[in-house]
Amino acid sequence: MISVVIPVYNGARYLHRCLNSVLASSYRDFELILVNDGSTDGTLQICQEYAARDRRIRLISQENAGVSAARNRGLTACRGEWVVFVDADDLISPDFLGLIAREEGQDLLLFDFACTVEELTATKPLPAVRHFGREDVPELLRALIVRLPLVEGGNLNFASPWAKAYRRTLLDRCGIRFSPELFYGEDRLFNAEFLICADRCTYIPTLVYCYSFHPDSSSHRFNPRLPHNLVRLLEQLRDTLETSGMFVPLERDFYSYALDNLSYTMVWSVFCPENPGSCGEKRQVCRHLLDNDLYHAAMKYNRSTGHWVRKTLLWLIQLRWYFAAGLLARLWHGCLSWKNRRKMGI
C-alpha cells in the first residue's frame, strides 16, 4: 500500500482538483491522509465530504502549526510501504502511484515534475532510468545542495518532498521528520537526512507531478523571520553533514549554498521593497549576518562559486557599500518578480 499525505491550510480554492487527481489514480491500493492545519476557509468541509465518500481517505485536524508539523502528523498516521507527499494546490498523474508500486528493493524514488497540465500529459522522449547506491550518496547530496541535474534533459526538483516516494520503514527507523522550527528550506534538510540513511535510490525521469506556482507564496514575499530561519537551516544542514562524515567532501558546495541563502536574504528580506525598516536597521542586519561564523567562513568562496550577480551583491555588502548593495538587491528582486509573473501569465 502507498500512503499519500496532503497537508492543507486554507486550500479550498484548489483542493477539489488535487483530491480528484489522486482518486483518479490507476493504482487503487493507497490511503489518502488529509491533515487540515487549522484552516479558516472551507477546507475542512471539503475534506469531510471526500472522507465520507471514500473509505481510503483519513482526515486529521489540528490547530495551525505550519506545513512541517502537518506533514509530520501525517507521517505518524501512515501505514503504507511507501510515503508520497502532495501539496493541496498541485496535481499528480494517473500513473504516478502505479509506477511506485512496480519498484522493489529501493528506499527512495525520484520523479520529474511539470508546471502545466498540458506539459504533464504531453509525450516526450525520456532519459534513461538511473540507479544509485551508497557509494553515490556524495553525488546525490551535491545535486541536492547546489541544484545539479541528475541526468541531462530531466526535470527533477531534488529539494522538494513532492514527486518522490519514501520508504516508510526507513523514515521511522532513522527518525526522519521535517523540522517544525523552519518555514523555508525544511524540505531540503529532510531530503538530505533521508539520502544519508538510504541504501538504494532510483531516478525515474517521468513527469508525474504538476506543480502550481504562486508568486505570492511564502518563498516570494517579505518575511522578517527569514534571516534567522536560513541561519538555523544552514546550522542544521551542517550538523547533519558533519555527523554523517559528508561535510569535508561537500564543504565547497555547502558554503556556496550558504552564500546563495545569504543573497536570498538580502533580496527577499533585508532590501526587499516591502521591508519597512530604516536604512540604519537594514545596515545593522547586514553587519550581524556577516559577523555570523557560518557566513563569515562562506565568504571566502564568493569569488569561486555562484553567478556574477550574487558575487557582486555580497562583495558590496562585504565592503559595506550598503546603498549600492540595496540598489542591486532591489533590481534583482524586480527581475525575479517579473519572471514569476510571467510564469503565471500575469
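The values are calculated or read from the model by the stated rules, or taken from the named source; none is laboratory data. Every value quoted in this text rests on a predicted model; they were computed, and no experiment measured them. FYI the Cβ positions are ideal-geometry reconstructions off the backbone, even for glycines, and counts take in every protein chain you see. Accessible surface is based on the protein model in full, side chains and every heavy atom, while ligands, DNA and RNA are left aside. Shrake-Rupley method; radii C 1.70, N 1.55, O 1.52, S 1.80 Å.
Computed values, structure above
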| item | result |
| --- | --- |
| Region 303-331 residues that are under 18 Å from Gly280 (Cα atoms), paired with ones that are surrounded by fewer than 19 Cβ atoms within 10 Å (Cβ to Cβ) and charged (D, E, K, R) (beta carbon under 9 Å, 6 or more apart) | Arg320/Arg283; Arg320/Arg287; Tyr322/Arg283 |
| Condition check for Thr123: part of a helix (DSSP H, G or I), out of contact with any helix residue (DSSP H, G or I) (no Cβ under 8 Å at 6 or more places or on another chain) and open to solvent by 10 Å² or more (accessible area, probe 1.4 Å) | no |
| Search result, residues across region 4-25 that are in a helix (DSSP H, G or I) and crowded, with 21+ Cβ neighbours inside 10 Å | Leu15, Cys18, Leu19, Val22 |
| Tally of residues being open to solvent by 50 Å² or more (accessible area, probe 1.4 Å) and either under 14 Å from Leu313 (Cβ atoms) or in a loop (DSSP other than H, G, I, E, B) (or both) across region 269-292 | 4 |
| Residue identified as in contact with a helix residue (DSSP H, G or I) (Cβ under 8 Å, 6 or more places away or on another chain), among the charged types (D, E, K, R) and surrounded by 20 or more Cβ atoms within 10 Å (Cβ to Cβ) among Asp89, Asp37 | Asp37 |
| Selection from region 135-155 of residues that are in contact with an Asp or Glu (Cβ under 6 Å, 6 or more places away or on another chain) and among the basic types (Lys, Arg) | Arg142 |
| Single unsatisfied condition, Val117 versus (1) over 23 Å from the mean Cα position of the chain (by Cα); (2) over 21 Å from Arg173 (Cα atoms); (3) surrounded by fewer than 16 Cβ atoms within 10 Å (Cβ to Cβ); (4) touching a residue at least 40 places away in the same chain (Cβ under 8 Å) | (1) |
| Only one of Phe194, Phe190, Phe178 that is over 26 Å from Arg252 (Cβ atoms) and at pLDDT 90 or above | Phe178 |
| Residue match in region 62-77 (condition: among the β-branched types (Val, Ile, Thr), under 13 Å from Phe178 (Cβ atoms) and surrounded by fewer than 16 Cβ atoms within 10 Å (Cβ to Cβ)) | yes |
